[in-house]
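In what follows, a single structure is set out as structure tokens and then discussed.
A short reminder: the numbers here are calculations on the coordinates, not readings from a lab. Not measured: the values here are computed from a predicted model. All Cβ positions, even for glycine, are placed from backbone atoms using ideal geometry, and neighbour counts span all protein chains on display.
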Amino acid sequence: MGQQGTQTRIWARKGTRPRVVKQQQFLYQYIFGAVCPTQKSCAAIVVPCANHYGLEEHLKEISFHIPKKRHGVVIMDRAGWHTKVDIQCPDNISFLFLPAYAPELNPQENVWQHLKDTYLANRVFHSSQEIIDACCDAWNSFAKSPELIASITFRKWISLI
């Protein structure tokens, strides 16, 4: 999420042409997020760059939220930092990689779209801290809605795992 964020539709009077700001700067922050549709819970961190170090920190956060004597399966696409050979993964987590070029199978894509559409689109950010605050506020609002978490992320095939 960042200064060159998403533009989405907005309400306007019929016959008018609403204006939406589009920034040209390049400050960004990245939300690493995960959801559990069956537990209706989620975990996330906001990091300054998307790489394997951020992923490892995120895996620690996910691991913290997995109940004792349970094991989590993290479904991931094949981004470069997801497939690095020496990723430090907690013992209570396993990976399930999606087929290449199949973003529709990734439930997390619906979360990103919801966050952008509902909280982060059509915004102007003046600093990295504003972006971090907006990302945290958006994620925390999403996290307070367990039924929403389940409704937009549940896939029938996940229950078969």
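What net charge is computed for the residues neighbouring residue 83, neighbours being all others with C-beta under 15 Å from the C-beta of residue 83, Lys and Arg scored +1, Asp and Glu -1?
Working: positive: 78, 84; negative: 56, 77, 86.
That sum, taken over residues with Cβ under 15 Å, equals -1.
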Q. Rounded to the nearest 500, what is the chain's calculated 222 nm mean residue ellipticity when only DSSP H runs of at least 4 contribute -39500 (n - 2.57) each, over all residues?
A. -9000 deg cm²/dmol
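In percent, how large is the relative contact order of the chain, given Cα pairs closer than 8 Å and 6 or more residues apart? The partial results should precede the final answer.
Values: 221 pairs, mean separation 47.4, N = 161.
Relative contact order here is 29 percent.
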Q: Starting from the Cα of residue 78, step 7 Å along the direction of its Cβ; do the same at residue 92; then give the gap between the two resulting points in nm.
A: 3.1 nm
Q: Mind listing the long-range amide H neighbours of residue 74? Cut-off is under 5 Å, sequence gap 5 or more, other chains count too, H placed in the peptide plane at 1.01 Å from N.
A: 94, 95, 96
Q.
Can you tell me the length gained on complete extension of the stretch residue 16 to residue 118, counting 0.36 nm per residue apart and subtracting the Cα distance?
A. 34.5 nm
(Q) Which residue fluctuates most in the GNM of the chain (Cα springs below 10 Å): 35, 85, 47? (A) 85
Q: Taking semi-axes √(5λ) of the Cα gyration tensor in Å as the quantity of interest, determine which of [x] 25, 17, 13; [y] 20, 19, 14; [z] 30, 19, 15 was computed from the displayed structure.
A: [z]
Q) By counting other Cβ atoms within 10 Å of each Cβ, how are 30, 101 ranked from fewest to most? A) 101, 30
Q.
How charged is the neighbourhood of residue 105? Take every other residue with its Cβ under 13 Å from the Cβ of residue 105, and add Lys/Arg as +1 and Asp/Glu as -1.
A. 0
Q. In the stretch 63-161, which trypsin sites (Lys or Arg not before Pro) fall in coil by DSSP and have 10 or fewer other Cβ atoms within 10 Å?
A. 68, 69, 70, 144
**Q.** In Hz, Karplus ³J(HN,Hα) per residue of the stretch 140-150 (6.51, -1.76, 1.60; θ = phi - 60°; x = Gly, Pro)
**A.** 5, 5, 4, 5, 7, 10, x, 5, 5, 3, 5
Q.
Whole angstrom only: what separates the Cα centroid of the stretch 93-155 from the Cα centroid of the stretch 74-88?
A. 19 Å
Q. Taking the Cα atoms only, what angle lies between the long axis of helix 52-65 and the longest principal axis of the chain, rounded to 10 degrees?
A. 70 degrees
Q. What are the ³J(HN,Hα) values, in whole Hz, obtained from phi via the Karplus relation 6.51 cos²θ - 1.76 cosθ + 1.60 with θ = phi - 60°, for each residue of the stretch 124-138 in sequence order, with x given for Gly and Pro?
A. 10, 10, 9, 8, 4, 5, 5, 5, 4, 4, 5, 5, 5, 4, 4
